[in-house]
Amino acid sequence: MTTLASPPGPHAVRGPARAKGRLPGRAWLLVERNLMVNRHTWALFTAEILEPLLYLFAMGVGIGGLIGHVPGLDGTHVGYSRFVAPALLATTAMNGALNETTYSVYFKLTDDRVYDSLVTTPLTVWDVALGEIAWAVLRGVVACTGFLAVIGALGFVSSPWALLALPGAVLTAFCFGAIGLAATTFFRSPRDFQLVQLVMLPMFLFATTFYPVTVYPHPIRVLVELLPLYHSIELLREPALGHVGPGLLTSAAFLTVLGLIALVVGARRLERRLKS
């Protein structure tokens, strides 16, 4: 005997408001969905590894052949390619996460209207936000792991402490994934993505990716040290060069706090967009 569910009453609440007051706990379902949707696109990760590898050969090996050695840590000097490689590792995690929570999230939110359907299920808006960021972290860490394996095989990283770069990659992907989600909720058209490049390209160039922070005068150095990519690079460069110190905790705390703030902003903005 089949029992038909009675239709919802006149006071039934649908959409995001229906889940209000319920704690998020199903974010993993969105990660599972993204895994299924992207199960045939993992080969595209080669592009995420190829881009930093091209920078490494062009800058680290090419220009590095003219530069020789640069100041490393604790007064030591390291080869330029070994100095640049961990920074490109950080940018790999950053780009892998940002691509997921900017372009992908925007079109799910505006064109495909995926989230409008998801929040009519037991998923909350916080589940959606956490799920997308978790997926972005997974993408960023997988790309970062692949690049770490390549530069390790090529001899650009030799310290066993370099394995600590992977937890650093998790924090980097989390922070930039959350920032990307928060920024995307403010975008009104695809043209707004130019603003992402307007911010990310200068940060990539000047956040000590290709030279130490000591080249800057003190006032500019203070500004550079406020950049999230600077802390990501520090978090990955130090263990890759065989140095593990308390400074890593400062960078880890910076990325964690900034990521949590961006997560809260992004989730609240996403809920507002879905209700509008």
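The values are calculated or read from the model by the stated rules, or taken from the named source; none is laboratory data. Note that this is a predicted model, so its numbers are computed, not measured. FYI the Cβ positions are ideal-geometry reconstructions off the backbone, even for glycines, and counts take in every protein chain you see.
Check whether at least one residue in the range 89-112 is in contact with a Leu (Cβ under 6 Å, 6 or more places away or on another chain) and either farther than 26 Å from A267 by Cα or among the small types (G, A, S) (or both), and report yes or no.
Yes, the conditions are met somewhere in the range 89-112.
Filter the range 52-75 down to residues that are part of a loop (DSSP other than H, G, I, E, B) and in contact with a strand residue (DSSP E or B) (Cβ under 9 Å, 6 or more places away or on another chain) and give me whichever is modelled with the highest pLDDT.
G68
Return the residues of the range 214-254 that are in contact with a helix residue (DSSP H, G or I) (Cβ under 8 Å, 6 or more places away or on another chain), closer than 18 Å to T76 by Cα and surrounded by fewer than 16 Cβ atoms within 10 Å (Cβ to Cβ); say none if nothing qualifies.
Scanning the range 214-254 gives T214, V244, G245, G247.
Looking at A173 and the list (1) closer than 24 Å to V150 by Cα; (2) surrounded by fewer than 24 Cβ atoms within 10 Å (Cβ to Cβ); (3) small (G, A, S), which single condition is not satisfied?
(2)
Does at least one position in the range 212-230 carry a residue that is within 22 Å of T102 (Cβ to Cβ) and in contact with a Pro (Cβ under 9 Å, 6 or more places away or on another chain)?
For the range 212-230, residues within 22 Å of T102 (Cβ to Cβ) and in contact with a Pro (Cβ under 9 Å, 6 or more places away or on another chain): absent.
Scan the range 209-255 for residues that are touching an Asp or Glu at 6+ places or on another chain (Cβ under 8 Å) and in a loop (DSSP other than H, G, I, E, B) and report the count.
Residues meeting the conditions: 3.
Out of everything in the range 173-211 that is among the polar types (S, T, N, Q) and touching a residue at least 24 places away in the same chain (Cβ under 8 Å), what residue ends up being nearest to T102 (Cα to Cα)?
Out of the qualifying residues, it is T184.
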